[in-house]
């Protein structure tokens, strides 16, 4: 196994990872960024992006990530196409092993992100970005005056249902059980909202749509106990059954919460281990936006620079 030494190792290649590497390179820290095998994070499966600052018209998620990558390369970031398999944060310098290379670094920024959980239907995958989404705050604007469904029963699902009443003509929350897991105060708001209907004890059997143009037209539901199906006409479907942070490699080495997100000191990106930082969706389960991930990537790089100076 080959050995690569660096001042700063950045793990991950979404908006947080690329922003951290750009700032670290401009600070003269000669960062090495291990991109993982799925470069670009969640934006690689996002079509129209209308809420990233600086663009008057919608841009494509993959294009934005290619531009961030090109900027990182332009300022001298060493990008390595590798996947970290194990880490040793017990002492400095820290050791992180990839498939064929061991990286030794004075500071580490973890920006491995999170992935939305999906239902696992072929039709769901087919219409992702064409009426099926996992982020109401990202894509809600596209459904002005439309009928939309939210799938889920936790805080995220209820928050997204309430949020979508600002855009949609009507919101249908579909939950596989007969009661919600969301906080009671949020449930009260949901049940009292005139634009929201709740369907209990049903799962999504199929997402329906057209091919030319590709767009969602409805969905087929199945009752969990009776198996009886029903059809609903819908213009959009938001899957809100949770996210999984990419922290399996780190969970035995860093403090994580009950959902697996890395715990950082409030107002910082500093983890419980001095010299190890976490930025973006790997530690942020509240906002989960490209712009907040990029902001945290900037924070992490500035905090690393200060840490190494001290």
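Residue-wise test of (1) in a strand (DSSP E or B); (2) surrounded by 15 or more Cβ atoms within 10 Å (Cβ to Cβ).
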| site | (1), (2) |
| --- | --- |
| 62 | no, yes |
| 68 | no, yes |
| 87 | yes, yes |
| 99 | no, no |
| 103 | yes, yes |
| 109 | yes, yes |
| 112 | no, yes |
| 145 | no, no |
| 148 | yes, yes |
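Hey, can you tell me all the residues within segment 119-133 that are part of a loop (DSSP other than H, G, I, E, B), within 17 Å of residue 215 (Cβ to Cβ) and touching a strand residue (DSSP E or B) at 6+ places or on another chain (Cβ under 7 Å)?
Passing the criteria: 121, 127, 130, 131.
Would segment 78-94 turn up any residue that is within 20 Å of the chain's Cα centre (by Cα) and more than 21 Å from residue 283 (Cα to Cα)? I'd like the intermediate steps shown before the answer.
Taking segment 78-94 as the starting set, the residues that turn out to be within 20 Å of the chain's Cα centre (by Cα) are 83-84.
Now drop any that are not more than 21 Å from residue 283 (Cα to Cα), which leaves none.
Looking for residues that are within 20 Å of the chain's Cα centre (by Cα) and more than 21 Å from residue 283 (Cα to Cα), one finds none in segment 78-94, hence no.
On the given criteria, is residue 97 more than 19 Å from the chain's Cα centre (by Cα) and either touching a residue at least 40 places away in the same chain (Cβ under 8 Å) or outside the structural domain of residue 235 (by TED's automatic domain parsing) (or both)? Explain how you work it out, then say what you get.
On the way: more than 19 Å from the chain's Cα centre (by Cα): yes; either touching a residue at least 40 places away in the same chain (Cβ under 8 Å) or outside the structural domain of residue 235 (by TED's automatic domain parsing) (or both): yes.
For residue 97, the condition - more than 19 Å from the chain's Cα centre (by Cα) and either touching a residue at least 40 places away in the same chain (Cβ under 8 Å) or outside the structural domain of residue 235 (by TED's automatic domain parsing) (or both) - is met.
Only one of (1) surrounded by fewer than 17 Cβ atoms within 10 Å (Cβ to Cβ); (2) touching a helix residue (DSSP H, G or I) at 6+ places or on another chain (Cβ under 8 Å); (3) assigned to a loop (DSSP other than H, G, I, E, B); (4) modelled with pLDDT of 95 or more fails for residue 206. Which number is that?
Condition (3) is where residue 206 drops out.
Can you tell me which of 122, 139 is farther than 21 Å from residue 170 by Cβ and either in the same structural domain as residue 222 (by TED's automatic domain parsing) or at pLDDT 95 or above (or both)?
Criteria check complete, one pass: 122.
Among the residues of segment 1-14, how many are buried (at least 24 other Cβ atoms within 10 Å of the Cβ) and within 19 Å of residue 305 (Cα to Cα)?
5
Condition check: in contact with a strand residue (DSSP E or B) (Cβ under 7 Å, 6 or more places away or on another chain), part of a loop (DSSP other than H, G, I, E, B), modelled with pLDDT of 95 or more and closer than 30 Å to residue 61 by Cβ. Does residue 168 satisfy that?
On the way: in contact with a strand residue (DSSP E or B) (Cβ under 7 Å, 6 or more places away or on another chain): yes; part of a loop (DSSP other than H, G, I, E, B): yes; modelled with pLDDT of 95 or more: yes; closer than 30 Å to residue 61 by Cβ: yes.
For residue 168, the condition - in contact with a strand residue (DSSP E or B) (Cβ under 7 Å, 6 or more places away or on another chain), part of a loop (DSSP other than H, G, I, E, B), modelled with pLDDT of 95 or more and closer than 30 Å to residue 61 by Cβ - is met.
Could you pull out every one of the strands (runs of 3 or more DSSP E) wholly within segment 210-279 that has 3 or more residues that are under 18 Å from the mean Cα position of the chain (by Cα) and either at negative phi or surrounded by 12 or more Cβ atoms within 10 Å (Cβ to Cβ) (or both)? Full working, then the answer.
On the way: elements: 214-223, 229-233, 236-239, 243-245, 276-278.
In segment 210-279, the matching strands (runs of 3 or more DSSP E) lie at 236-239, 243-245.
For the list (1) closer than 26 Å to residue 99 by Cβ; (2) part of a helix (DSSP H, G or I); (3) out of contact with any strand residue (DSSP E or B) (no Cβ under 7 Å at 6 or more places or on another chain), I need the number of the one condition that residue 20 fails.
(3)
Against the condition in a loop (DSSP other than H, G, I, E, B), surrounded by 16 or more Cβ atoms within 10 Å (Cβ to Cβ) and modelled with pLDDT of 95 or more, how does residue 79 come out, does it pass? Break it down into steps so the answer makes sense when it comes.
Numbers: in a loop (DSSP other than H, G, I, E, B): no; surrounded by 16 or more Cβ atoms within 10 Å (Cβ to Cβ): yes; modelled with pLDDT of 95 or more: yes.
No; evaluated as a whole, the condition is false for this residue.
On the basis of being crowded, with 19+ Cβ neighbours inside 10 Å and under 24 Å from the mean Cα position of the chain (by Cα), does residue 36 make the cut? Please lay out each step first, then the result.
Details: crowded, with 19+ Cβ neighbours inside 10 Å: yes; under 24 Å from the mean Cα position of the chain (by Cα): yes.
Answer is yes for this residue.
Based on this model, can you work out whether residue 173 counts as crowded, with 21+ Cβ neighbours inside 10 Å and part of a loop (DSSP other than H, G, I, E, B)? Write out each step before concluding.
Working: crowded, with 21+ Cβ neighbours inside 10 Å: yes; part of a loop (DSSP other than H, G, I, E, B): no.
Here the answer is no, as residue 173 does not meet what is asked.
The values are calculated or read from the model by the stated rules, or taken from the named source; none is laboratory data. Just so it is clear, the structure is predicted and the values come from calculations on it, not from any experiment. All Cβ positions, glycine included, derive from the backbone under ideal geometry; neighbour counts span all protein chains shown.
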